[in-house]
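Input: a single structure, listed below in structure tokens.
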Amino acid sequence: MAKNQPKDILSRVADLGEEALHKLPNFPGGDRLMEVVNQSRTRLDEMQKRLRGLDVLEKRVDQLEKRVAKLEKPTSTKSSAAKPSATKPDSTKPATPKKPPA
């Protein structure tokens, strides 16, 4: 005597889903739905490929940002050292008046 093992819920749902997919083209509009689903799958695959390409670009941007930061650091310290300090005019000397042009 062979007893049928009771199926778990997931295998039941999978079986029902497969049956429904096989019957779907027989329903009105079912072929159109299948076409839309297949197009969506193709579009999703293309989008995944593009997103994988973005990871490479993000790594390059990170590297470039680090290089720029490295290059900016020394210039900011050099530029502050190269600037002459502002000197105040000596207030003890009288200002010489300018002669008007003749």
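Can you count the Lys pairs in segment 10-77 whose Cα atoms are under 29 Å apart, with each pair 8 or more apart or on different chains?
On the way: LYS49/LYS59; LYS49/LYS66; LYS59/LYS70; LYS59/LYS73.
Lysine pairs satisfying the spacing and distance rule in segment 10-77 number 4.
Express in nm, to one decimal, how much length is gained between GLU58 and LEU10 on full extension, taking 0.36 nm for each residue of separation and deducting their alpha carbon distance.
Details: separation 48, 0.36 × 48 = 17.28 nm, distance 3.94 nm.
Contour length minus Cα-Cα distance gives 13.3 nm.
In segment 10-77, the convex hull through the Cα atoms has an average projected area of 8.2 nm², a quarter of its surface area.
Subtracting the Cα-Cα distance from 0.36 nm times the residue separation, let me have the gained length for HIS22 to GLU72 in nm, one decimal. Provide the component values of the computation, followed by the final result.
Values: separation 50, 0.36 × 50 = 18.00 nm, distance 6.35 nm.
This chain segment gains 11.6 nm when fully extended.
Computed from the coordinates by the stated procedures, all read-outs in this text should not be read as laboratory data. Remember, it's a predicted structure, so these values are computed and weren't measured experimentally.
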